[in-house]
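Structure first, then comments.
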Amino acid sequence: MVDMVKKVNKKSEFLDLGETVLAASAVGEVGQFQKVLAAGNGVLARADAHRNADRAPALAAGTLSASWPALKAGILAVTDQRLILFEQSKLHFGPTGVAGSWPRQQIAGVTVAEGKASTLVNIQFSDGSTAQMESIVTAKPELLAAAFVG
C-alpha cells in the first residue's frame, strides 16, 4: 500500500511550520469502497454497498461535524497539531489541497470499526457530533486512531 505519510510530507506547503504528520490514510465517503468492490460482484454486493452508505451519520447543522467536507476520496492525516482532510489526486494519489482542518482540541477522538474489506473511520468532535469516512483495510486506518491517542 502507498505510504500516505510520505505523500503528505512531500506536500509540505499544506503543513504548518514545524508540524509533524503522525499518521495518514486514504479515505472515501462511506460506501465508496464497497461500491467499487460491488461493481463486479452482482446485485447482492451492490445492495450491501447501499446499506453501508446509509450507516453514515447525518451532519447536524450548527455542529463541528457540519464543517466536514463531502469528498468521494481523500487523505485523512493526524498531526501533532490538528486533523487534516486532504483532497487527493487521482493520478499520483497524493494531496492536492486541504479540504478541511481541525485543531486537536476540537477532536474528541478518532476510532475505527474494521470490516472484512473496508473500515469505518469515526471522527468524534468535542461538541459530541460525529463525521464518518471509510478506508480500505490495507490503508491501515487503525494508525489514525493510535496516533490521535498517542
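Structure above, values below:
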quantity: Residue 140 long-range amide H proximity, modeled H, under 5 Å; calculated: none
quantity: Amide H contacts under 5 Å for residue 126, placed H, 5+ residues apart; calculated: 107, 108
quantity: Sequence-distant residues sharing a close amide H with residue 23 (under 5 Å, placed H); calculated: 78
quantity: Exposure proxy ranking, count of Cβ atoms within 10 Å, fewest first, for 149, 78; calculated: 149, 78
quantity: Table column - 3J(HN,Hα) (Hz), the range 104-109, Karplus curve with 6.51, -1.76, 1.60, x for Gly and Pro; calculated: 4, 5, 8, 10, 7, x
quantity: In sequence order, calculated HN-Hα J values of the range 81-89 (Karplus, 6.51, -1.76, 1.60; Hz; x Gly/Pro); calculated: 10, 7, 9, 10, 10, 9, 6, 10, 5
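Each value in this text was obtained by applying a stated rule to the coordinates, not by laboratory testing. Just so it is clear, the model here is predicted, and its values are computed rather than measured. Glycine also receives a Cβ, built like all others from the backbone with ideal geometry; neighbour counts cover every protein chain displayed.
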